[in-house]
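Let me begin by presenting the structure, written as C-alpha cells, before commenting on it.
The values are calculated or read from the model by the stated rules, or taken from the named source; none is laboratory data. Fair warning: this is a prediction, and the values are worked out from it, not measured in the lab. Every residue, glycine as well, gets a Cβ built from its backbone with ideal geometry; the counts of neighbours run over all protein chains shown. For accessibility, only protein heavy atoms count, side chains too; no ligands or nucleic acids. Shrake-Rupley method; radii C 1.70, N 1.55, O 1.52, S 1.80 Å.
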Amino acid sequence: MGRTYVCRDWEPRNEYTTPISGEPSYRNSGIIKAVTPDGDKIQVGRITYESFENEEFQYIITPFWEIIDTLSSDIFQGIPGIDMELRLEHYYRVNYVPVFMTERTPGPNREDLWELLDSVNLTYYDRLEWLIRTDLRAAVDNLIVERARDAGRNAYAADRKELERLVADGQYGDQITVANLQVLGHNSKECTKMLNRLMHYGIHLVSRKERLDLKLEDYKVFMPVIAMMYELDTKERRQKQAEGIEKAKSKGVYQGRKRKPVDENLFEEAVRRFRGREILLEEALELTGLSKATFYRRMKEL
C-alpha cells in the first residue's frame with residue numbers, strides 16, 4: 001500500500017503564510033475532531049495558537065492526512081478556510097485569525113465578550129482556549145475542538161476494559177500495546193470496530209502474541225486479515241465442539257443444549273395474545289424473556 005502523500009516543500013505565498021521563527025512566549029493546542037451521527041469523535045487535525053513577545057501571533061493547522069484519507073465526505077468535508085487540495089503538512093495563518101476560528105469564537109469587539117469568557121471561567125482573551133472549554137458548535141459543520149496533550153502516550157492495555165479507557169482518552173500519535181488480538185474483541189465484528197476506532201483516533205497498535213505492529217496506514221490492509229483469522233478460528237472451534245459432542249454421544253452422556261426456562265402458563269398466554277394480535281412481537285418477547293428465534297420455535301412446538 002502506498003504511503004499517504006503530504007506536501008512538505010510548499011513555499012509560502014505571502015507574509016500571512018510565512019511561519020514566525022523563534023520560541024513563542026505562549027502556546028496552546030487543541031485536537032480538531034469530526035463528530036459522527038453515532039457520537040464518535042474522529043481526530044482530523046491539530047490547531048495550535050502561538051503568541052510572541054513582540055505581540056505577533058500565528059495559528060498552525062496540521063491535518064492528520066492518514067486519518068482524513070479513510071473518511072467519506074458525509075463524515076468530513078474539510079477544515080474551513082484551508083485548501084485541502086494542497087495537502088500541506090502545516091497551514092500557517094500569521095497575524096490574522098483563520099476562518100476556522102472566526103466562524104466559531106467571539107471576536108474582540110463583541111459587547112458580551114467578557115460574559116462569554118466568564119461563562120467558561122476564562123480570565124484572559126484566548127479564542128482557542130475559549131473554544132476548547134465551550135460545548136457550543138458552529139452551525140456550518142460537525143467539527144469540534146478538544147484539548148490536546150503536548151506529547152503522545154505509550155500505554156499497555158491488559159484487558160478490553162482498559163483498552164476502552166485508553167482509546168477514549170487517546171490522541172493522535174499514542175501507542176497502545178496489548179498481549180494479543182483477543183483484547184480487541186471476541187469476534188471479527190468487534191475486533192474490526194475497535195481497529196476502526198484506533199485508526200480514527202490515530203493510535204499505533206502493538207500486539208505481542210501476533211508480533212503485530214500496526215501504524216495508521218496499515219489498518220485498512222490488515223482489517224480483512226483480521227476477519228479471515230477470526231473465521232478460521234471460529235471454524236476450528238466449531239469443529240472441536242462437534243467432535244466433543246460426537247464423543248459424548250458415543251459415551252451416552254450428551255444431553256444437548258439446555259432449554260431456557262420459562263413459565264408455561266405465561267408463555268401460552270403470550271402466544272395466545274400474540275396470535276390474537278392483542279400484543280406485538282416485541283411485547284411477547286419482553287413478557288417471556290425469549291429471543292425471537294426461540295419464541296417462534298417454541299410457539300411451533302406448542
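So the values come out like this:
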| quantity | calculated |
| --- | --- |
| Equivalent ellipsoid dimensions for segment 76-227 as semi-axes, Å, which come from the Cα gyration tensor, largest first | 37, 18, 13 |
| Helical mean residue ellipticity (222 nm; -39500 (n - 2.57) per DSSP H run of 4+; nearest 500) of the chain | -10500 deg cm²/dmol |
| LYS260, LYS161, reordered so the largest accessible area comes first (probe 1.4 Å) | LYS161, LYS260 |
| Charge dipole of the chain about the Cα centre (unit charges at C-beta), most positive-ward option of SER51, THR4, ALA138 | THR4 |
| Per principal axis, descending, Cα span of segment 1-118 in whole Å | 48, 37, 21 |
| Among the listed pairs LYS240/LYS300; LYS33/LYS220; LYS161/LYS292; LYS161/LYS240; LYS41/LYS209; LYS209/LYS251, those beyond 27 Å (Cα-Cα) | LYS240/LYS300; LYS161/LYS292; LYS161/LYS240; LYS41/LYS209; LYS209/LYS251 |
| Along principal axes, Cα extents of segment 27-79, largest first, whole Å | 44, 20, 15 |
| Cα-only Debye scattering, segment 1-51: base-10 log of I(q)/I(0) at q = 0.14, 0.25, 0.26, 0.29 Å⁻¹ | -0.66, -1.05, -1.06, -1.09 |
| Efficiency of FRET from Cβ geometry, VAL99 and GLU56, R₀ 22 Å, rounded to 0.05 | 0.65 |
| Cα-centre dipole for segment 148-211 with unit charges at Cβ (Lys and Arg positive, Asp and Glu negative), debye to 20 | 160 debye |
| Cα-centre dipole for the chain with unit charges at Cβ (Lys and Arg positive, Asp and Glu negative), debye to 20 | 2600 debye |
| Given (1) 26, 21, 21; (2) 53, 27, 16; (3) 38, 32, 20, the label whose value is semi-axes √(5λ) of the Cα gyration tensor in Å derived from this model | (2) |
| Heavy-atom accessible area order for ASP218, ASP126, largest first, 1.4 Å probe | ASP218, ASP126 |
| Surface per residue (accessible, 1.4 Å probe) for the chain, Å² | 62 Å² |
